[in-house]
1. Wholly within the range 186-232, which strands (runs of 3 or more DSSP E) include no fewer than the required count, namely at least 2 residues that are touching a residue at least 60 places away in the same chain (Cβ under 8 Å) and in contact with a Pro (Cβ under 9 Å, 6 or more places away or on another chain)?
2. As an exercise: evaluate L34 against (1) of a type in the set (A, V, I, L, M, F, W, C); (2) surrounded by 14 or more Cβ atoms within 10 Å (Cβ to Cβ); (3) at pLDDT 85 or above and give the number of the one condition it does not meet.
3. Please list, ordered by first then second residue, the pairs with beta carbon atoms under 8 Å, 6 or more apart or interchain, first in the range 126-143 and free of Cβ contacts under 8 Å to residues at least 24 places away in the same chain, second outside any helix (DSSP H, G or I) and surrounded by 17 or more Cβ atoms within 10 Å (Cβ to Cβ).
4. Would it be correct to say that E123 is assigned to a loop (DSSP other than H, G, I, E, B), touching a Ser or Thr at 6+ places or on another chain (Cβ under 8 Å) and modelled with pLDDT under 90?
5. Does A245 satisfy the criteria of being under 25 Å from P177 (Cα atoms), at pLDDT 85 or above and in contact with a strand residue (DSSP E or B) (Cβ under 9 Å, 6 or more places away or on another chain)?
6. Is one or more of the residues making up the range 69-80 of a type in the set (A, V, I, L, M), touching a residue at least 24 places away in the same chain (Cβ under 8 Å), on the phi < 0 side of the Ramachandran plot and in contact with a strand residue (DSSP E or B) (Cβ under 8 Å, 6 or more places away or on another chain)?
7. Please pick out the residue among A27, A40 that is within 25 Å of the chain's Cα centre (by Cα), at pLDDT 50 or above, in a loop (DSSP other than H, G, I, E, B) and of a type outside the set (V, I, T).
8. Within the range 153-168, does at least one residue satisfy the condition of being in contact (Cβ under 8 Å) with a residue 24 or more places away in the chain, of a type outside the set (D, E), crowded, with 17+ Cβ neighbours inside 10 Å and more than 22 Å from C235 (Cβ to Cβ)?
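The values are calculated or read from the model by the stated rules, or taken from the named source; none is laboratory data. Predicted model, so just to flag it, every value in this text is computed and none were measured. Don't worry about glycine lacking a Cβ; one is built from the backbone with ideal geometry, like all the others, and counts go over all protein chains shown.
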Amino acid sequence: MTKGTRLGVFFSLLAIGMTLASLAGAAEPQAWHLNFQDAASPVMERIDGFHDLLLIIITAISVFVLALLVYVMWRYNEKRNPNPSKTSHHTLIEVIWTVVPVLILLVIVVPSMRLLYYSETVEEAEMTIKATGHQWYWSYQYPDHGEFGFDAYMIPEEDLQPGQKRLLDTDNYVVLPVDTTVRIQVTAGDVLHSFAVPAFGVKKDAVPGRLNETWVKIDPKYAGTTFYGQCSEICGTGHAYMPIAIKAVTKAEFAAWVEEAKNTFASDESAPASKAVQLAGRSE
């Protein structure tokens, strides 16, 4: 086996190894861990599956192209092929390299469109919440549970308690029940924002004057888990300081929290503008 062939085999095995490693998920982040966060909703599970399909396709293409390059370098170098071919066209090859990419795209487009339709269609939601982006915090409303709402500000680094996450934890958590189809309406009160929670496969633009919507149904096994996201639209100097924190609870725990939240937030009309100003000042 020549040096070029050995090199080709090495890179092929490396690509296959990386593919297998990336397909092996883990419950908690690990050093050199590849892949997404564990899927906590049906949409994210389908995104994971679509990602794995694409990874297999692009790995196969990369290995095939690498093998062709290695073969061409070995077979048609000057030493082995002192009289190069003068062929400028080859009808069969040109048809193949046009038709095969089209077929690959067709293989990709079908699951892609199915996933897009599935993620955008909210059917028979059991409850609704509304998320409104501001510079630089989120406001939430629960219209199906007494019309109460609250603001959620990032906890400043100097105020973090043990176990709280820097730039991710908020003073008020969004609380959602597991095994419940939740419609999430998203809008903004000033500039463009984007509501994004990776574990749910959710990323929806928040546009002033427009109401977009998405949905989530949290897997029951994640009851008691807190999920984090952030605004993913560059919305100004405090863009990095408006996280999203969502706590998943059982339906019984959610009902108890709603009764408590009605008393805590229903009469709270003071969206603390001073805190918004404070955060804005810190980000400048």
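1. By residue number, 226-231.
2. Checking L34 against (1) of a type in the set (A, V, I, L, M, F, W, C); (2) surrounded by 14 or more Cβ atoms within 10 Å (Cβ to Cβ); (3) at pLDDT 85 or above, the one that fails is (3).
3. Q141/I129; Q141/K130; Q141/T132; Q141/F148; Q141/G149; P143/T128; P143/I129; P143/K130
4. Considered against the rule, which asks whether it is assigned to a loop (DSSP other than H, G, I, E, B), touching a Ser or Thr at 6+ places or on another chain (Cβ under 8 Å) and modelled with pLDDT under 90, E123 comes out as yes.
5. Details: under 25 Å from P177 (Cα atoms): yes; at pLDDT 85 or above: yes; in contact with a strand residue (DSSP E or B) (Cβ under 9 Å, 6 or more places away or on another chain): yes.
So A245 passes the test.
6. For the range 69-80, residues of a type in the set (A, V, I, L, M), touching a residue at least 24 places away in the same chain (Cβ under 8 Å), on the phi < 0 side of the Ramachandran plot and in contact with a strand residue (DSSP E or B) (Cβ under 8 Å, 6 or more places away or on another chain): absent.
7. Just a single option satisfies the conditions, and that option is A40.
8. There is no residue in the range 153-168 that is in contact (Cβ under 8 Å) with a residue 24 or more places away in the chain, of a type outside the set (D, E), crowded, with 17+ Cβ neighbours inside 10 Å and more than 22 Å from C235 (Cβ to Cβ).
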